[in-house]
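> Okay, here's the structure, questions in a sec.
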Amino acid sequence: MTTPPAPPAAASRATDPSAGAAPRPTGATSRPAPVTAADVEAAASRIEGVAHRTPLQRCARLSDAHGAEVWLKREDLQPVRSYKLRGAYNLISQLSDAERASGVVCASAGNHGQGVALACAELRIRGQIYVPSTTPRQKRDRMLQIGGEYVELVVRGDTYDEASAHAKRDAEARGAAIVPAFDDPRTIAGQGTVAVEIIEQFAEATGALPDTLLVPVGGGGLLAGCLAWLAERHPGVRVLGVEPAGAACLSAALDAGGPVELKKIDTFVDGAAVRRAGDITFALARAHAARIVTVPEGRICSEMLALYQTDGIIAEPAGALANAALGLYKPRPGERVVAIVSGGNNDVSRYSEIVERSLVYEGRKHYFLVNFPQEPGALRRFLDEVLGPDDDITLFEYVKRSNRELGPALVGIELGDPRDYAALIARMDASPMTVEVVSPDSPFYRFLV
């Protein structure tokens, strides 16, 4: 395996942690993580012929939008539609005969389980896969289809972490080998093979090295593997981890000095909705002073739609995570950026929620409680005097009729231009109707989106 010469080392990276974590680290470790560049290169040889060498493609849309050279590493085109196959196969293929005979157990939000399922089928090993109830049906069906007679699917808990706790207990009871989704040196080494391919492919296409690699982060296995290999072989390539704002567990760990359990997480980005970063992945991230960017879930939805509508790429939320950081991370003019499209296992039934979250994030969709006078023409006056010419009512529902004079209604409005919001509010204030804005921070909002 050949790679171009390494450029001079870059300046040290800065950490940009986010808030919202429990204050005390649990089980933190300060010793260096046991993953080397040689481990990653050995993994690359081990998975050859099983994991695909996925394409590296220039993205004209993102390049033009950000004045940079943006390339996409298409891990959504793996046989299991995500990079998770790399780590799972690298670990399972190294098990002893006795360990193989006892079978394997894993926990997964969906993609790791598919990687384990394929590895079990290829190596003819029995596997039990624990998934949370939030795992999309599409991912569950794919695990069973890929693993066939070799895998059993068990649904436990509402989050990845709850499913993982059940999986660990089962593995201990049965004497089965556990296959961690991210916090194991063999898993990390396998995931790091993505970086090896990126450097080789970028050099083949451009004769140069990328300046920056954007890596999606859930528990941190992919980031840790990329950091481990690049730090030794190409330290001049900057690596940025990208987390969903609603589950920024690695940012919280770096802020606290060790892994912490987030008190609350948003499970929308199911492939990256992890409550606690791994001990080994944290150690690697801290050792390399990893910089983390957190991205709102609505912004991820907007990027998913752009990938689909403009680029013809079907990405799951975690798959669009790295791309969505562009704009929050502002590349220099002409900067060579590679973003990893980490997965394409998206359920088509989720697109209505994806569109809704995108519209809310972009400021196009708003909800209001409006007290309408119970008299003829009240709704017509609202349409004529309050609503703008390019605005549309997407939801109108009477909440209840509290008296004969007023009728409160829940009204959803989609703006033609988000910059018209202030004018809409001004017209509402000038009208005789009482209007209350339903804030996206309100608990009530989760029933709408």
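> Would you confirm, using the coordinates I've provided, whether residue 181 is assigned by TED's automatic domain parsing to the domain that holds residue 135 and farther than 9 Å from residue 107 by Cβ?
For residue 181, the condition - assigned by TED's automatic domain parsing to the domain that holds residue 135 and farther than 9 Å from residue 107 by Cβ - is not met.
> When you scan region 187-196, do you find a residue that is outside any helix (DSSP H, G or I) and either surrounded by 24 or more Cβ atoms within 10 Å (Cβ to Cβ) or not hydroxyl-bearing (Ser, Thr, Tyr) (or both), even just one?
Yes; the residues of region 187-196 include at least one that is outside any helix (DSSP H, G or I) and either surrounded by 24 or more Cβ atoms within 10 Å (Cβ to Cβ) or not hydroxyl-bearing (Ser, Thr, Tyr) (or both).
> What number goes with the only condition from (1) part of a helix (DSSP H, G or I); (2) modelled with pLDDT of 95 or more; (3) of a type in the set (A, V, I, L, M, F, W, C); (4) in contact with a Gly (Cβ under 8 Å, 6 or more places away or on another chain) that residue 165 does not pass?
Among (1) part of a helix (DSSP H, G or I); (2) modelled with pLDDT of 95 or more; (3) of a type in the set (A, V, I, L, M, F, W, C); (4) in contact with a Gly (Cβ under 8 Å, 6 or more places away or on another chain), the lone unmet condition for residue 165 is (2).
> Hey, which of the helices (runs of 4 or more DSSP H) in region 33-144, taking only ones fully inside, have at least 1 residues that are over 17 Å from residue 190 (Cβ atoms) and not hydrophobic (A, V, I, L, M, F, W, C)?
60-66, 97-102
> Here is a follow-up. Hey, residue 8 hits all of (1) at pLDDT 50 or above; (2) in a loop (DSSP other than H, G, I, E, B) but one; which does it fall short on?
(1)
> Can you tell me which residue among 355, 293, 360 is closer than 24 Å to residue 254 by Cα and either in contact with a strand residue (DSSP E or B) (Cβ under 8 Å, 6 or more places away or on another chain) or not in a loop (DSSP other than H, G, I, E, B) (or both)?
293
> Hey, another quick one. Within region 302-317, is there a residue that is touching a Lys or Arg at 6+ places or on another chain (Cβ under 9 Å), buried (at least 19 other Cβ atoms within 10 Å of the Cβ) and over 20 Å from residue 110 (Cβ atoms)?
Yes; the residues of region 302-317 include at least one that is touching a Lys or Arg at 6+ places or on another chain (Cβ under 9 Å), buried (at least 19 other Cβ atoms within 10 Å of the Cβ) and over 20 Å from residue 110 (Cβ atoms).
> Okay, next question. If I ask for residues that are closer than 19 Å to residue 343 by Cβ and of a type in the set (Phe, Trp, Tyr), which ones from region 261-286 would you list?
268
> Quick check on my filter: what residues within region 205-230 are within 20 Å of residue 296 (Cα to Cα) and either free of Cβ contacts under 8 Å to residues at least 24 places away in the same chain or of a type in the set (Gly, Ala, Ser) (or both)?
Selection gives 218, 219, 220.
> Out of everything in region 264-278 that is of a type in the set (A, V, I, L, M, F, W, C) and touching a Phe, Trp or Tyr at 6+ places or on another chain (Cβ under 7 Å), what residue ends up being surrounded by the most Cβ atoms within 10 Å (Cβ to Cβ)?
Among them, the one singled out is 274.
> A further question follows. Quick one: would you say residue 109 is closer than 26 Å to residue 315 by Cβ, without any contact (Cβ under 8 Å) to a residue 60 or more places away in the chain and surrounded by 23 or more Cβ atoms within 10 Å (Cβ to Cβ)?
No: the conditions fail for residue 109.
> Pairs only if they're at least six apart or on different chains, beta carbon under 9 angstrom, first in region 308-325 and over 12 Å from residue 74 (Cα atoms) and among the aromatic types (Phe, Trp, Tyr), second crowded, with 24+ Cβ neighbours inside 10 Å and at pLDDT 95 or above; list them, first residue then second.
308/315
> Which is aliphatic (A, V, I, L, M), crowded, with 19+ Cβ neighbours inside 10 Å and not assigned by TED's automatic domain parsing to the domain that holds residue 330, of 117, 121, 98, 68?
Among 117, 121, 98, 68, only 117 is aliphatic (A, V, I, L, M), crowded, with 19+ Cβ neighbours inside 10 Å and not assigned by TED's automatic domain parsing to the domain that holds residue 330.
> Mind checking which residues of region 334-350 are touching a His at 6+ places or on another chain (Cβ under 9 Å) and either in a loop (DSSP other than H, G, I, E, B) or surrounded by fewer than 24 Cβ atoms within 10 Å (Cβ to Cβ) (or both)?
Within region 334-350, just 335 meets the criteria.
> Hey, another quick one. Of the conditions (1) touching a Phe, Trp or Tyr at 6+ places or on another chain (Cβ under 8 Å); (2) over 15 Å from residue 426 (Cα atoms); (3) without any contact (Cβ under 8 Å) to a residue 60 or more places away in the chain, residue 381 satisfies every one except a single condition; which number is it?
Answer for residue 381: the failing condition is (1).
The values are calculated or read from the model by the stated rules, or taken from the named source; none is laboratory data. Treat the numbers as computed from the prediction; the structure is a model and nothing was measured. Virtual Cβ from ideal backbone geometry, glycine too; neighbours counted across all protein chains shown.
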